[in-house]
Structure formats: structure tokens, C-alpha cells
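The values are calculated or read from the model by the stated rules, or taken from the named source; none is laboratory data. Only a predicted model underlies this, so the values are computations on that prediction, with no experimental measurement involved. A quick note on method: Cβ atoms are made from the backbone with ideal geometry, for glycine too, and the neighbour counts reach across all protein chains shown.
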Amino acid sequence: MKFLVVGTGGREHAYVWKLAQSNKITKLYAAPGSPGMARYAECVDIADGDLEGLADFAHRADIDIAVIGPEAPLADGIVDIFSERGLAVFGPTQAAAQIEADKDFALKLMHKYDIPTGAYETFVDAETARERLKAWQHPLYLKVSGLAAGKGAIYCETPCDSLRTVDEVMVQRAFGAAGDKLVAMELLEGEEASIFGFSDGQNIVCIVPSQDHKTIGEGDVGLNTGGMGAYAPAPVITPELFDEIVQRIMKPTIRALALEGRPYRGILFGGIIVTPAGPKVIEFNCRMGDPEAQVVLPLLKTDLVDIVAGVCDGSVADLAIELDDRAATCVVMASGGYPEAYETGFPIAGIARAEALGDVVVFHAGTARRDRQLVTNGGRVIGVTAIGDTIQSSIDRAYEAVEKIDFDNAYFRRDIGHRALNRGIDSNIQEPAQSIFDSEVKNGVCGTR
Ligand SMILES: Nc1ncnc2c1ncn2[C@@H]1O[C@H](COP(=O)(O)OP(=O)(O)O)[C@@H](O)[C@H]1O
Ligand SMILES: [Mg+2]
């Protein structure tokens with residue numbers, strides 16, 4: 001089969017790396033790809049926002065299935081464009097991708113279908129927002145409803161912070177149209193985890209839970225980033241909690257979207273927080289997380305081609321997904337200064353030495369090749385993933401690998417996995433979490449293209 005992976009980051013590199021292991025793949029393309037992906041795929045110079053250009057290419061190159069990595073093209077309707085042209089594509093339609101692209105829509109859906117989440121209120125004008133927020137208990141979160149590249153959720157400690165945020169978003173329009181709707185959400189307290197499920201619109205199979213590290217600073221302080229590291233399995237999600245999340249959150253959400261006439265095909269990402277009152281949804285995303293993909297995919301034993309095909313042809317219920325029972329940790333090496341101003345163009349050395357350690361893969365997030373030299377070309381530069389028998393050993397190996405890699409001004413957090421280690425439970429990695437079930441949605445509701 002000929003596959004095309006759309007995207008440029010570490011997550012897409014992980015897709016390409018995993019797909020390349022399949023003996024069903026005869027040709028792999030990446031658009032626009034990266035120097036890391038070029039090891040396994042032919043990179044085609046088409047931006048991930050050029051939806052028509054990508055569809056033209058997929059048609060010309062006779063692609064069997066296109067796998068869409070990032071949320072922006074999904075929210076812009078790339079799946080609809082491909083489908084209209086009769087091209088098979090892995091990802092949700094524009095209507096289904098609203099689960100991520102419109103937080104107001106997602107919260108409304110969850111409340112309508114009794115999916116556990118926080119109280120919320122949506123505002124469309126500044127005056128009403130200011131007035132209504134007086135009644136809200138603080139601290140709370142204010143979030144722009146649209147896509148904001150991970151910068152649109154603002155913690156408001158006091159009513160004063162809320163008023164300032166309303167002004168920034170709705171008067172100064174710091175987030176543009178993404179801030180047309182502003183959502184207030186009750187503060188939920190607990191530890192977060194990422195749950196990924198593969199759905200064909202009717203059934204969903206969820207795989208090993210993982211945990212991201214959002215902030216730039218060790219101890220989870222400082223500015224938010226795209227994610228500074230991840231590990232899986234995340235022990236905060238016990239087998240009991242995993243089951244509860246699948247039954248009360250993931251499955252009902254797939255059913256709700258189908259009932260709303262927006263059947264969801266692709267990867268549904270539940271951003272879960274484990275509160276004293278049980279697991280609740282912070283948000284949904286319409287694709288895998290980055291860097292969580294870089295720890296989850298290496299633990300997937302099943303051929304990713306079979307999973308992608310199962311999602312596309314509606315046979316997820318027949319998938320028998322097998323997971324590695326070890327652990328994986330990914331440490332992101334970033335350009336010093338990120339997520340604020342940083343320099344690029346520094347030569348990167350030592351990737352081969354790091355990978356020679358064994359059970360180590362280096363995923364490229366922001367690199368470029370200049371005169372045959374690999375150089376830094378982004379805030380997050382590479383993700384160094386290692387597998388080990390325990391979380392501790394995967395962490396140790398990841399840092400051993402990081403030490404072999406060198407570029408000027410490199411920055412990385414030294415505490416990836418600290419929550420798992422602080423539980424002191426590392427001795428028992430749980431059975432790989434996974435669940436398949438049939439939703440009660442009738443065939444007709446989901447329909448197919
Ligand atoms: N209601 C909430 N209670 C507690 N923390 C929250 C809440 N909403 C968001 N957060 C925190 O802010 C982060 C970003 O919010 P999220 O809704 O995931 O938006 P995005 O990922 O689109 O920026 C979350 O991972 C979480 O740490
Ligand atoms: Mg989030």
C-alpha cells in the first residue's frame with residue numbers, strides 16, 4: 001500500500017517510523033515531512049495547510065490512505081476534501097473535528113450527553129462576559145474557543161485576571177477569530193493524563209495512557225510549551241480508572257458524535273484529569289498528542305497499517321491490538337529560550353550514537369538539513385524516546401541518550417516522569433491498558449462516505 005503522512009513534527013515522524021515497519025507498505029510519502037522522516041519516506045514539498053495541493057498529490061501518486069497528523073488541516077476540512085475526491089483518509093471530518101476546534105461545542109456536547117467534565121459558560125461579547133464572570137468562583141480557566149496552538153487556556157486566579165483576559169481576547173482580539181467565543185470553565189483539580197482511542201465512528205479501541213509535561217520549567221513551572229516530554233503507561237490511570245474513562249467518557253463521546261450526525265473517525269484524544277470526584281474531561285483533541293505519540297506508538301506491537309485501515313473501513317471492532325508491556329519515555333530537547341525567542345541553525349551531533357544504545361529512537365520536531373549538515377530549526381528540536389522494562393529504566397535510558405546528543409543552547413527538562421516516580425509504583429507496570437467495545441449506535445446513524 002502507498003501511504004501519505006501529512007505534517008512536519010515529531011508526532012508525524014513517529015507515524016512514519018511506525019508505518020515504515022509494516023510489510024504492507026510499498027511506498028511512504030510525507031508532506032512536507034522532515035529530515036527525520038526522510039529516512040523512511042519520500043518528502044514532498046507541500047505545506048500541511050495546502051489542502052487542495054495535498055489532495056492533488058494524493059490523487060496523482062495513487063495514495064491508498066493519507067494519515068493526517070496535525071489539528072489545523074483537520075479543522076479546516078482536509079478529510080472532507082479528500083473524501084469528496086474519493087481518496088481514503090485517516091482523520092475526522094471538519095464537523096467531527098469541532099470536538100477540538102470549538103471548545104464551546106465540545107463542552108455543550110459533554111453536558112448534553114452527561115460526559116463528566118467541568119461547569120462552563122460561553123460568552124460572545126465582552127460586556128456580558130464581564131458581567132457574568134462576577135458570579136463565577138475564582139480561580140477558573142478562561143479559554144478561547146477556537147484553535148490557539150496550546151496558548152488559549154488562561155488561568156485566572158482573581159476576578160481581576162478574568163477582566164484582563166476578557167479585554168485581551170474580546171477587545172484587543174489577541175487570538176483573532178479563535179477568540180470570538182470565550183469559555184469560562186470551572187477549575188478542576190487532579191493529575192492529568194492523555195487517553196487515545198482509534199474510532200471508526202461506531203466503535204473505539206483505547207490504548208495505553210500517557211502523560212505530557214506542558215511547562216518549560218522543571219517541577220511544572222513556567223510558560224506552557226507544545227510539550228517537553230512524555231511517558232507511558234501513566235500509572236495515575238489504574239486499570240479501574242481506565243475502564244471508567246472508556247465506559248463513561250470515550251465510548252459515550254463517540255456515540256454522542258454519531259447521534260449528532262458527526263460520526264468520528266480517527267484518533268480521539270481525551271485530555272483527562274483525575275479529580276477526587278473521578279475522571280473528568282479537560283478537553284478533547286482530534287489527533288494524537290505530541291510528544292505523547294512518541295511514547296505510545298513505540299509501545300504498539302500491532303501493525304499501524306491494520307489499525308488505520310480498520311478505522312477507514314469501519315472494522316475497529318475486529319482489531320486485536322497488541323501492546324508492548326514495557327514503558328517508554330520521551331525527553332524533548334529544545335532550543336534555549338523556547339517558548340519565547342530562540343535562535344536556530346545550530347549543528348546537531350550525536351543522534352546515531354544515541355540510537356546505537358538500543359531501544360532508543362530520536363524523533364525530529366524542528367530540524368533542517370543545510371549543506372548536508374543537520375541543524376536546529378524550531379523551538380522543540382528533537383524528542384528522544386527510550387523503551388525500558390520499567391518507567392525508571394526507560395527514563396534512565398532516555399537521559400543516557402540525551403547526553404550523547406549535542407547542539408548549542410540545547411535545553412531539556414531533567415524531571416520527565418517525576419509524577420510516576422513519586423508514586424513509587426514503578427515496580428509494577430500494569431497490564432497494557434486496552435479496550436474494545438461495541439457502541440450502541442445503529443449502523444445507519446454512522447453512515448459511511
Ligand atoms: N478546567 C480546568 N481545570 C484545571 N486545569 C485546566 C482546566 N482547563 C485547562 N486546564 C489546564 O490548562 C491546560 C490547557 O488547557 P486545554 O483545555 O487542554 O487547552 P489547550 O490544550 O487547547 O491549550 C490543561 O492541560 C490543564 O493543565
Ligand atoms: Mg490541552
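Worth a mention:
- Set side by side, the residues Leu257, Leu241 differ, and just one is assigned to a helix (DSSP H, G or I) and more than 22 Å from Thr390 (Cα to Cα), which is Leu257.
- Flag set for Tyr113, criterion: outside the structural domain of Ala58 (by TED's automatic domain parsing), among the aromatic types (Phe, Trp, Tyr) and more than 16 Å from ligand 1 (Cβ to nearest atom).
- Ser194 vs. criteria of a type in the set (S, T, N, Q), more than 19 Å from Ser394 (Cα to Cα) and either near ligand 1 (Cβ under 10 Å from one of its atoms) or part of a strand (DSSP E or B) (or both): no
Conditions tested, residue by residue: (1) surrounded by fewer than 16 Cβ atoms within 10 Å (Cβ to Cβ); (2) in a strand (DSSP E or B); (3) assigned by TED's automatic domain parsing to the domain that holds Met288; (4) out of contact with any Gly (no Cβ under 8 Å at 6 or more places or on another chain).
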residue: Ile46; (1), (2), (3), (4): no, no, no, no
residue: Gly49; (1), (2), (3), (4): yes, no, no, yes
residue: Ala55; (1), (2), (3), (4): no, no, no, yes
residue: Ala58; (1), (2), (3), (4): no, no, no, yes
residue: Val67; (1), (2), (3), (4): no, yes, no, no
residue: Pro73; (1), (2), (3), (4): no, no, no, no
residue: Val79; (1), (2), (3), (4): no, no, no, no
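- Every test in (1) surrounded by fewer than 24 Cβ atoms within 10 Å (Cβ to Cβ); (2) in a strand (DSSP E or B); (3) under 19 Å from the mean Cα position of the chain (by Cα) is passed by Val208 save one, and that test is (1).
- Residue check, Pro276 on the phi < 0 side of the Ramachandran plot and in contact with a helix residue (DSSP H, G or I) (Cβ under 9 Å, 6 or more places away or on another chain): no
- Note on the stretch 254-278: among residues that are surrounded by 22 or more Cβ atoms within 10 Å (Cβ to Cβ) and within 13 Å of ligand 1 (Cβ to nearest atom), the one that is nearest to Ser83 (Cα to Cα) is Phe269.
- From Ala106, Ala148, residue being surrounded by 18 or more Cβ atoms within 10 Å (Cβ to Cβ), assigned to a loop (DSSP other than H, G, I, E, B) and either acidic (Asp, Glu) or within 16 Å of ligand 2 (Cβ to nearest atom) (or both): Ala148
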